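This report refers to the structure that appears directly beneath it.
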Amino acid sequence: MPKLIENAFPFAELSLVAERESWRKEVYRPVYYLHKWWARRLGSVFRGILLGACLEDGEDFWDRFYKKNTFENTVVFDPFMGSGVTVGEAVKLGCKAVGRDVNPVAYLACRAALSQYSDAEVLSTYRRLERALAPRLLSYFQTRTRTGQTATVLYYFLVKVVSCLECGKEIDLFKTRVFSKNATPQKDPSARALCPGCGAVNFTVYDAERVRCPGCSLTYNPQHGNISGAEVRCDGCQYAFRLIERMKSLEGPLPFRRYAKLLLTENGEKLYEPMNEFDGEIERQIAEEFAALSSRFPVVDIKPGYNTNQMLNHNYRYWHELFSDRQLVCIRHLIEAIKGIEDPDLKLLFSCLFSGTLEFNNLFTSFKGEGTGAVRHMFSHHVLKPEMMPLEANIWGTPKSSGAFSGLFRSRVERALAYKADPFELRLHASRSMKVGGINQPVSVELAESFAQFASQPKTAYLTLGDSSCIDIPDKSVDMVVTDPPFFDNVHYSQLADFFYYGLNQALEFSATTTTRCTEEVQDTDPELFTRKLTSVFAECRRVLNDKGLLVFTYHHARHEGWTAVHRAIRHAGLVCTRGYPIKAEMSVSTPLQQATSPIHLDLILVCHKDKQARRSGRFSQPLRPAIDVAKEQVSRLKSTGIKVSLGDAKVILMGCLLCEVHKMQNLDREERFLEEVEQNLDTYVAQVISAKGEVLYKAKAAEQLQLFEELGQYLADQERGVAS
């Protein structure tokens with residue numbers, strides 16, 4: 001009997017739940033947010049996929065979605081484990097879960113997320129670290145106010161500097177002299193700007209174009225700095241030059257100076273002040289300690305790559321150069337303390353907490369503004385982008401800090417532990433959502449050391465590190481493969497993950513290898529190479545799937561090469577795609593989506609099974625019209641529930657329907673030719689899918705194309721039968 005997901009899947013209604021989750025993913029699925037990973041998919045979506053693949057056709061999906069399930073005889077495998085969403089959701093449903101990833105950062109983070117802990121031991125370990133570390137780390141952020149009071153620095157404001165080739169003057173690389181404003185300036189327009197004359201911190205408003213400094217009486221436009229785009233202009237001699245060209249004559253990254261700080265007084269008041277003599281003395285002490293510790297920092301090269309070349313162009317050659325001396329001194333103390341934790345599971349947990357802290361404590365962060373989490377972390381744009389005005393945050397932190405070790409313990413570790421004990425789901429009621437607890441298995445399992453141990457013991461999960469095209473799972477021993485494969489031309493996970501691996505490997509002494517990059521990673525800018533690697537993984541998935549098993553994965557892509565790659569991987573692996581469903585993917589306000597011309601908010605759920613090599617009909621089946629009809633119906637269902645569908649989304653939906661229809665041809669040559677022809681007029685078909693106007697356009701322009709497809713199909717069918725054309 002077919003599974004529910006093969007015939008009827010409530011993708012539109014599930015998208016509403018997923019959309020609500022997407023606004024606070026770290027709150028609603030905190031177990032997957034112990035550590036940074038990229039393209040983390042929504043837990044409610046993968047719960048729905050797994051449930052739809054476990055239930056028989058005709059069963060009540062929503063009744064089971066909000067009830068306790070125990071599919072203890074169902075084995076689920078995810079070959080691209082990533083942040084562990086598939087594995088975690090499978091455990092919650094009582095399934096037996098296997099996860100594998102080629103990247104050690106993903107592997108270690110998943111082990112930390114899924115391992116069993118005693119809450120009391122976790123808290124006790126944190127308290128020991130707090131007693132050993134907090135006084136020392138906080139001492140590096142002590143200051144005195146202008147009135148002589150003791151205070152704690154929350155954030156130092158830094159600016160990169162470069163010397164002018166013409167006159168030798170040191171140039172502050174300010175893009176704007178407004179260095180602090182509210183996260184919602186329309187509500188609170190107050191801001192702080194730095195006087196270019198005397199260095200005083202001036203109170204102003206965020207969009208002011210004229211400020212008079214009370215200290216030196218200089219009037220200046222705070223919106224203007226010394227760098228605009230790629231060009232730097234010396235405010236001494238007015239000589240202009242391109243920064244990237246200037247970098248070629250320098251040996252290392254640009255130096256920086258601290259010019260201001262946001263401090264917290266003993267009575268809880270926040271103040272902005274310029275640097276003073278006390279701060280200078282602290283800087284000198286840190287420089288001395290750093291010199292004594294510098295030999296203990298491993299020197300690890302930053303390798304060239306799609307996501308690291310921008311750093312290399314700014315002369316960052318080694319991973320430790322991404323941190324200030326103050327940050328490196330704090331990092332060294334954190335590493336030494338964590339290495340002293342005896343329990344290996346607790347050591348891994350706190351190593352991941354430490355590693356996650358580094359995302360907010362490096363020279364690639366910036367100030368997001370008051371009224372929100374103040375630190376804009378280094379991966380807010382999914383790239384390694386050098387900052388001209390970085391932020392140096394208090395790494396241990398206070399209750400008023402953002403991105404600190406102590407704060408992340410509360411927001412990540414404690415929240416995840418509570419969720420692991422009683423994982424809840426979101427239920428929508430009218431315009432509100434409520435948490436439904438008591439319906440899931442705890443996300444806390446024994447991690448098996450071998451597949452044999454996993455197979456013989458209940459309530460275990462099996463996580464491994466390595467190439468998913470070659471796994472230690474016996475033939476036909478898996479009931480379903482559920483995954484989210486990477487894109488060939490998007491974020492290169494290993495290039496970014498090397499940043500975290502630099503710190504994790506020091507704390508855990510995990511491997512002599514200093515990079516997470518490897519030739520087996522299914523991530524490549526070359527679509528042919530990407531296709532070959534993805535095909536190998538899918539072929540291995542076919543091997544371990546039982547004959548009735550399903551491969552279900554989420555996918556979207558804006559480029560035709562992305563669809564060609566996934567089509568070929570499915571078919572060359574001996575699989576066919578039978579159903580495709582659109583589903584809510586990213587949060588609508590995420591930075592990459594906001595910057596996209598036609599943002600894609602939807603993923604596709606593609607349902608595949610083994611190609612049984614059934615007898616083929618010689619008659620050509622024209623897939624375009626059915627695909628368009630199904631795509632229109634899916635768009636209509638999404639819109640009826642209030643889900644917006646962009647042109648990019650409509651293209652994703654149509655391509656999913658086309659894959660399902662074209663695989664009915666069961667002839668690779670036909671399928672390839674058809675998809676090539678569709679690409680030439682794809683915008684016409686997408687327009688028809690999404691609007692009534694598109695229907696008119698389609699009818700006007702598509703008749704000739706449809707005739708061409710039919711002629712092509714007849715030609716190929718005749719060739720198959722050996723009939724001369």
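At an R0 of 30 angstrom, the distance between the Cβ atoms of S636 and K612 translates into a FRET efficiency of 0.35.
Site pair Y66 and L529 shows an inter-label distance of 5.0 nm when each label is modelled 7 Å from Cα along Cα→Cβ. For the range 263-315, the set of GluC sites (Glu not before Pro) satisfying both a DSSP loop assignment and a count of at most 10 other C-beta atoms within 10 Å is given as E266.
Among S366, S401, a tally of other beta-carbon atoms within 10 Å of each Cβ gives an order, fewest to most, of S366, S401.
Applying a threshold of 24 Å to the alpha-carbon distances of K68/K612; K420/K459; K270/K339; K25/K476 flags K68/K612; K270/K339; K25/K476 as lying beyond it. Close amide H partners of T578, meaning residues 5 or more places away or on another chain with modelled amide H under 5 Å apart, are V607, C608, H609.
Give, in nm to one decimal, the length gained when the segment between K435 and L165 is fully stretched (0.36 nm per residue of separation minus the Cα-Cα distance). So the extension gain works out to 91.1 nm. In the chain, the longest principal axis of the Cα atoms and the axis of helix 43-54 are about 20 degrees apart.
Counting charges near M247 (Lys, Arg +1; Asp, Glu -1) among other residues having Cβ under 13 Å from its Cβ returns a value of +3.
Here the chain carries DSSP beta bridges of which approximately 75% are antiparallel, counting only pairs with both residues inside. Ordered by the count of other Cβ atoms within 10 Å of each Cβ, fewest first, D235, D649 give D235, D649. As a proxy for reagent exposure, D467, D60 were ordered by neighbouring Cβ count within 10 angstrom, fewest first; the result is D60, D467. The phi torsions of the range 9-20, fed into the Karplus equation with coefficients 6.51, -1.76 and 1.60 and a -60° offset, translate into couplings of 10, x, 5, 5, 5, 5, 4, 5, 5, 5, 4, 5 Hz, rounded to whole numbers, with Gly and Pro shown as x. Taking Cα atoms only, the orientation of helix 692-720 departs from the longest principal axis of the chain by about 60 degrees. Amide H contacts of T74: K96, each under 5 Å away and 5 or more positions distant or on a separate chain (H built 1.01 Å from N in the peptide plane; Pro and chain starts excluded).
Counting charges near F80 (Lys, Arg +1; Asp, Glu -1) among other residues having Cβ under 10 Å from its Cβ returns a value of -2. Simple spin-label estimate for E672 and A452 gives 4.4 nm between the two label positions (7 Å along the Cα-to-Cβ direction from each Cα). Gain on full extension, evaluated as 0.36 nm per residue between S124 and H560 minus their Cα-Cα distance, stands at 151.6 nm.
Taking a sphere under 13 Å around the Cβ of E121 and counting the other residues whose Cβ falls inside, with K and R at +1 and D and E at -1, yields a net charge of -1. Helix 119-139 axis versus longest C-alpha principal axis of the chain: approximately 40°, rounded to the nearest ten.
When the C-alpha to C-alpha distance is required to be over 25 Å, the pairs from K3/K584; K92/K548; K187/K435 that qualify are K187/K435. Compared with the direct C-alpha span, the chain from T513 to A8 gains 177.1 nm at full extension, assuming 0.36 nm per residue. In whole angstrom, how far apart do the alpha carbon centroids of the range 119-169 and the range 416-447 sit? Distance between centres, Cα-based: 37 Å.
Computed from the coordinates by the stated procedures, all read-outs in this text should not be read as laboratory data. The shown structure was predicted, so the numbers you read here are calculated from the model rather than taken from an experiment. Quick reminder, even Gly has a Cβ in these numbers, built from the backbone with ideal geometry, and neighbours come from all protein chains shown.
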